[in-house]
Each structure stands twice: as C-alpha cells, then as structure tokens.
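Asker: First the structure, then my questions, so here it is.
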Amino acid sequence: MTQREQMRKRKEAEKKIAAMQKKWKKRDRILLAIEAVTLLLVAVMAISSGAYSKTSYALAETEFKLEFETETETEIETETKTETETETETETETETETEAPEWEYLGEFEITAYCPCYACCGQWSGGPTRSGAMPQEGVTVAADWNVLPKGSLIDLGNGETRIVQDTGGGVVGNHIDIYMSDHQSAVNWGVQYRDVWLYVGE
Ligand SMILES: [Zn+2]
C-alpha cells in the first residue's frame, strides 16, 4: 500500500466518520426535538391540570361562597322579618295604647244653655268670656274650672265637641252651660243630662 493510497483511505474513513457524525447529529437533533416536544407536552399537561385543579378549586370556592352568602342572606331576611314583625307589634301596641285613653269618661253632667243677653249674663252681657276669648256658638261652654279647667276639650256625646272658655255663677260641679247665640234657643234647650268625655290626648 502506497502512502498515497493510505492517505486516500484515511480520507475516506474520515469522510465516513464525518457522514456518520452528521447522521448522529441529525438523529440527536430529532431526539432532542422529540424530547423537547415531550417536555413541552408534559409541561402543558402539568400546567393545564394545575390550571384545571385551580379552576375547580375556584369553582368550589365560588359555590361555597354562594352557599354561604345564600345562607347569610336567608339569615338576614329572617332577622329583618323578625325585626319588622316586632316593630309592627310594637306599633300596634303603641296605637292601641294611645288610641284607647284619648277620651276620658267623666260621668253624667247637668247641661244648661245661655246666650249673651242681659237676662243670661247680666253685667257681662255682650262681653268676652272669662278666658278672654269672645264666645262662639258651637265652641264655647261655661264650666266649673275646678272640674273642667279652662281650655278643656269636651265631648257631649255623638262627637259634639266644645271648649271650656267661660264660667258662670250657677255653674258648679258637674254642670256645663252651653253658649248659644240667641236667647230662645237657650230657653228651648232647658235642662238636659248628658254623658261627658274629656279629651286627654296630646
Ligand atoms: Zn239669653
């Protein structure tokens, strides 16, 4: 074998080796690519499964929260209902309490009538009432201020209300003198006995 042949053979061998190395490199690259793809897939799966579990956790949490919130709302509603019921009860009680004693029954009174004439009022004829206010039919009555103080609102029955504004010489005790604008009406009234209520509301 000549030196030249040897050189050629070596070169061929080197070429073969290079070609093989090239092949290996190519295979390595493919393997690497496969590995990378596999790794990527695994990573994607891991992330997605993590994400899935995270999502399911979040869903579970949301559900739990919703349940909890629903329960809380129900509790609040129940509480509110209870409060409203209690308030309504209290209001009803208060109304009953305030409505009932607005008018106090005072008993039966002797009821007479008078007008501003001299026969009825003498020296005070045509003047103001004892309270200072001018007498008004449908409003003014005279009473014993020890029994019914000035300004008392009274009911002579059937919602006929009057205000105690005057007094009179003969008006003592359970006696009310109703003011009328003309003498004949007062005379016609005569003497009557009526149940009297006193307004004690605010
Ligand atoms: Zn008169």
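Asker: Here is a list: I154, I163, I178. Which entry is within 16 Å of the ligand (Cβ to nearest atom), assigned to a strand (DSSP E or B) and not basic (K, R)?
Answerer: Numbers: I154 fails: within 16 Å of the ligand (Cβ to nearest atom); I163 fails: within 16 Å of the ligand (Cβ to nearest atom).
Matching residue, one of I154, I163, I178: I178.
Asker: Only one of (1) in contact with a strand residue (DSSP E or B) (Cβ under 8 Å, 6 or more places away or on another chain); (2) under 16 Å from E108 (Cα atoms); (3) β-branched (V, I, T) is not met by I163, so which one is it?
Answerer: (2)
Asker: Just need a number here: residues in the range 181-198 that are assigned to a helix (DSSP H, G or I) and of a type in the set (S, T, Y). Let's see the steps before the verdict.
Answerer: From the range 181-198, those assigned to a helix (DSSP H, G or I) are 183-189; that's our starting set.
From the residues that got through so far, the ones that are of a type in the set (S, T, Y) too are 185.
Here the count works out to 1.
Asker: Sticking with this one: Evaluate the following for G169: is it modelled with pLDDT under 95 and either within 16 Å of the ligand (Cβ to nearest atom) or not in a strand (DSSP E or B) (or both)? So that I can check it myself, show each step before the final result.
Answerer: Values: modelled with pLDDT under 95: yes; either within 16 Å of the ligand (Cβ to nearest atom) or not in a strand (DSSP E or B) (or both): yes.
Yes, satisfied.
Asker: Inside the range 183-202, can you point out the residues that are modelled with pLDDT of 95 or more and not aliphatic (A, V, I, L, M)?
Answerer: H183, Q184, S185, N188, W189, G190, Q192, Y193, R194, D195, W197, Y199, listed by residue number.
Asker: If you check G127 against the conditions, is it closer than 15 Å to D195 by Cβ and either within 16 Å of the ligand (Cβ to nearest atom) or part of a loop (DSSP other than H, G, I, E, B) (or both)?
Answerer: No.
Asker: On the given criteria, is P149 farther than 12 Å from V171 by Cβ, touching a strand residue (DSSP E or B) at 6+ places or on another chain (Cβ under 9 Å) and within 12 Å of the ligand (Cβ to nearest atom)? Before you say what the answer is, go through the steps one by one.
Answerer: Working: farther than 12 Å from V171 by Cβ: yes; touching a strand residue (DSSP E or B) at 6+ places or on another chain (Cβ under 9 Å): yes; within 12 Å of the ligand (Cβ to nearest atom): no.
Against the criterion (farther than 12 Å from V171 by Cβ, touching a strand residue (DSSP E or B) at 6+ places or on another chain (Cβ under 9 Å) and within 12 Å of the ligand (Cβ to nearest atom)), P149 does not qualify.
Asker: Still on this model: Could we say that M7 is under 60 Å from the mean Cα position of the chain (by Cα), surrounded by 10 or more Cβ atoms within 10 Å (Cβ to Cβ) and part of a helix (DSSP H, G or I) here?
Answerer: Working: under 60 Å from the mean Cα position of the chain (by Cα): no; surrounded by 10 or more Cβ atoms within 10 Å (Cβ to Cβ): yes; part of a helix (DSSP H, G or I): yes.
Judged against the criteria, M7 is not a match.
Asker: Also, I was wondering about something else. Looking at the range 100-149, which of its residues are aliphatic (A, V, I, L, M) and more than 22 Å from S185 (Cα to Cα)?
Answerer: Let us first name the residues in the range 100-149 that are aliphatic (A, V, I, L, M), namely 100, 106, 111, 113, 119, 133-134, 139, 141-143, 147-148.
Once the filter is applied, which keeps residues that are aliphatic (A, V, I, L, M) and more than 22 Å from S185 (Cα to Cα), the range 100-149 yields A100, L106, V147, L148.
The values are calculated or read from the model by the stated rules, or taken from the named source; none is laboratory data. None of these values were measured; they are calculated from a predicted model. A quick note on method: Cβ atoms are made from the backbone with ideal geometry, for glycine too, and the neighbour counts reach across all protein chains shown.
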